[in-house]
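Bear in mind these aren't lab numbers, they're just calculated from the coordinates by the rules spelled out. Model, not experiment: these values are computed from the prediction. Here Cβ is always computed from backbone atoms with ideal geometry, including for glycine, and neighbour counts include all displayed protein chains.
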């Protein structure tokens, strides 16, 4: 199995698990996870990338276009995760007693790991 597929799947798993973690905590509402905080759409492009990683090798003529598509999709996921992390920080700053949690940063780290896996897919070396 190519190392890019392992890294991509690890990043998708980390991102998916991070959505269950608290993103922020407010005094009256309590903790808000990634689903309540509307961070779940980050999984849409990642689901397609996970499917490509699970399907396996592609014919030689399709390897580079699929890798480019992977980089574009994972870059969009990183941008969305960064925007949601900024939203969480702004929401916490606007409410006295609010506190940021680890969730948005884990989502961002997971999407960055998927981007790394997409970049590694340009390599022909196998683990």
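Helical content alone sets the calculated 222 nm signal of the chain at -22500 deg cm²/dmol, taking -39,500 (n - 2.57) per DSSP H segment of four or more residues and averaging over every residue.
By the compact-protein rule of thumb, 2.2 N^0.38 Å, the alpha-carbon radius of gyration of segment 3-120 corresponds to a ratio of 1.16.
Sequence gap at least 6, Cα distance under 8 Å: using those rules, report the relative contact order of the chain to the nearest whole percent.
The value is 48 percent.
Considering all C-alpha pairs of segment 66-127, those separated by over 13 Å amount to 64%. Extending 7 Å from Cα along the Cβ direction at residue 91 and again at residue 119 yields two label points whose distance is 3.0 nm. Highest-first packing order for the peptide set 21-30, 3-12, 111-120, 81-90 is 111-120, 3-12, 81-90, 21-30, based on the mean count of other beta carbon atoms within 10 Å. With the simple model of a label 7 Å out from the Cα in the direction of the Cβ, residue 54 to residue 29 spans 3.2 nm. As a calculated quantity, the FRET efficiency between residue 44 and residue 99 at R0 = 22 Å, using C-beta atoms, amounts to about 0.20.
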